[in-house]
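The structure under discussion appears below in the form of structure tokens.
Please treat every number below as a calculation from the coordinates, not as lab data. This structure is a prediction, so every number in the text was calculated from the model and none was measured. All Cβ positions, glycine included, derive from the backbone under ideal geometry; neighbour counts span all protein chains shown.
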Amino acid sequence: MALRRMVLRDFVLVQSLELDFQNGFTVLSGETGAGKSILIDALQMALGARAESGLVREGAQRADIVAEFDVSATAAAALHQWLDAHGFDTHETLMVRRTVDVQGKSRAWINGSVATVGQLHTLGESLVDIHGQHAWQSLMRPQSVRSLLDAYAQADDGPTQQAWRDWRAAVEALEAAQANATRLRQDRERLQWQIEEMGKLAPQQDEWESLNSQHTRLTHLQDLQRAASQAWALLDGSEGDTGAAQLLSQAASTLAEHRAIEPQFGDWENTLLQLLDQVADVSRSLRDYAQSQEWDAGDLESLDARVSQWLSLARRHRQTPDSLPQLWADWKQELKALDAGIDLEALSAAEQASKQALLAAAGVLSRKRQAAAPQLAKAVTEAMQSLGMVGSQFTVAVRTLDEPQAHGLDEIEFLIASHAAGVAKPLNKVASGGELSRVSLAIAVCTSRLGLTETLVFDEVDTGIGGAVAHSVGSLMHRLGIDRQVLAVTHLPQVAACADQHLLVRKHKTSQSVSSMVVPIEGDARVEEIARMLGSDPMTDASFEHAQEMLAAGKQDVAALARQGAGRKATTAKRSKHA
């Protein structure tokens, strides 16, 4: 993703600015105090850097920054996945916006939707890689050094990181089991006793409802039998009284005697006869029920005992009776987990197996690092020769640790020797700040085609150098621009002469205010700026011609590098085709 456009409103000394960026190598230059780093500061704030009220232009209420990026095909899938995961819209371009008011309060947006500063910062790490004057400081951090070598080696430390987490989990499980063995045994004994006690009841799912229903019915069986007998007698008249069936029969006969006169009597007679049939059916059923039920005190006693056992266990464990089957099942599962937890042999074997898996993954990673280290050292050493560090030797030391770590088995350090026969020592022991900046630039050149960050920003990393070395720095930055977008703030004409695009920062003063503006320059305007950077003030014909010669030389180098880049890409494409 390349930076395409920036819009600034009321930011530091800038009242209003809209600026388009090109691919390749772009430089920003200007007189001391003109505000050459304002664009870099604005870009950093747009990508999640800390916002302060001092960034708001004097007299304004709010600073507003917008940065727009082209989304390349190689980065689109990962970017869109991240945007979707965080609820942002996806477009062909990516737009981030940040505002800060005079109270220091800021707001952020990604593709028009409100975002957090943390989200801006995370996104920004994949968009732009900014190298300040002290970018070399990252070379002192072990994690940064490892990341550089792993990227160069195309080594993925993900499997090692996961194996490390698995091993640590196994170690913690074993240590916890060892420390809590006594308590775990006590918990197991308690659970075992509870399970055995519940096993005497062996409660089954849905048994309580059926058991409770049977107990209630058996308890009232005599009353049920008496009620059935009485109902049967009332229907059948078996106790000397006239039964309901006989009364219905008499009523039907009475109506039958007069149905010739009143036809409706015939309908009523039929209805009574139907009722008589139904009453006869019910009467037979009641008789059978009353005669078939046998009351057994033993059955009731057995049911009483089981219901009492259910209720007793439910009270003891503060559960409802119908929850006992699930409680019993849960205890069994918990006991199974405890048995696994106190199986020290199994836990120890699991820990050893996971450690072997870690060592295997770390071994693969280590071999890739060992193979890439001399290649990276050679490439950086060659780049350093053209940066005024002739004879210096860059070394990537890969040492094996006694115990594996999350990052593997290796301790990696960058070393430098002042000459081929010298003893390589850590960078911070032998190199000055200026030398470290050049080493950082050399590494950036050698790793320029790694990763997804397509925009590199250098903020005056060329401080303290000049002459032929400065020209080499410009050539190297242009070489970076073949593969990636490069933006550099510089005060060196040799660097500026190698750029594809030149932006000039000017300070504009009035009686009431001071403001900065940034304008693209080319032609005579660019020649004049190169002449000014050469130290010509006022302008002379000689300085103007010198500047022209420098730009011409820069264009020749650029053309040569372009041909090299095209050849390299063609070779890469050819290899890919054959592969």
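Structure values in brief
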item	result
Label point distance in nm, Arg306-Ala76, each placed 7 Å from Cα along Cα→Cβ	7.1 nm
Charge dipole (debye, nearest 20) of the chain; +1 at Cβ of Lys and Arg, -1 at Cβ of Asp and Glu	3540 debye
Surrounding net charge for Gly118, when Lys and Arg each add one and Asp and Glu each subtract one, Cβ distance under 14 Å	+2
Residues Tyr289, Tyr152, sorted so that the one with the fewest Cβ neighbours within 10 Å comes first	Tyr289, Tyr152
Gap separating the Cα centres of the stretch 18-33 and the stretch 179-213, nearest whole Å	77 Å
13 Å beta-carbon shell around Ala417, net charge (K/R +1, D/E -1)	+1
28 Å Cα-Cα threshold exceeded, pairs from Lys368/Lys425; Lys378/Lys429; Lys332/Lys355; Lys378/Lys425	Lys332/Lys355
Protection proxy ranking of 74-81, 352-359 - average other beta-carbon atoms within 10 Å, highest first	352-359, 74-81
Helix axis angle, 433-446 relative to the chain longest principal axis, alpha carbon, degrees	60 degrees
Positive-end extreme of charge dipole, the chain - chosen from Leu17, Leu476, Thr271 (charges on Cβ)	Leu476
Degrees separating the helix 467-483 axis from the principal Cα axis of the chain, which is the longest one	30 degrees
Residues whose placed amide H lies under 5 Å from that of Val71, excluding near-sequence neighbours	Leu94
Under the Karplus curve 6.51 cos²θ - 1.76 cosθ + 1.60, θ = phi - 60°, whole-Hz ³J(HN,Hα) for the stretch 164-177, x wherever Gly or Pro sits	4, 5, 5, 5, 4, 5, 5, 4, 5, 5, 5, 5, 5, 5
Taking Leu313, Leu365 and counting other C-beta atoms within 10 Å, the order from fewest to most	Leu313, Leu365
Under the Karplus curve 6.51 cos²θ - 1.76 cosθ + 1.60, θ = phi - 60°, whole-Hz ³J(HN,Hα) for the stretch 309-321, x wherever Gly or Pro sits	5, 4, 5, 5, 5, 5, 5, 4, 9, 6, 10, 7, x
Principal-axis tilt of helix 207-219 within the chain, Cα atoms, nearest 10 degrees	20 degrees
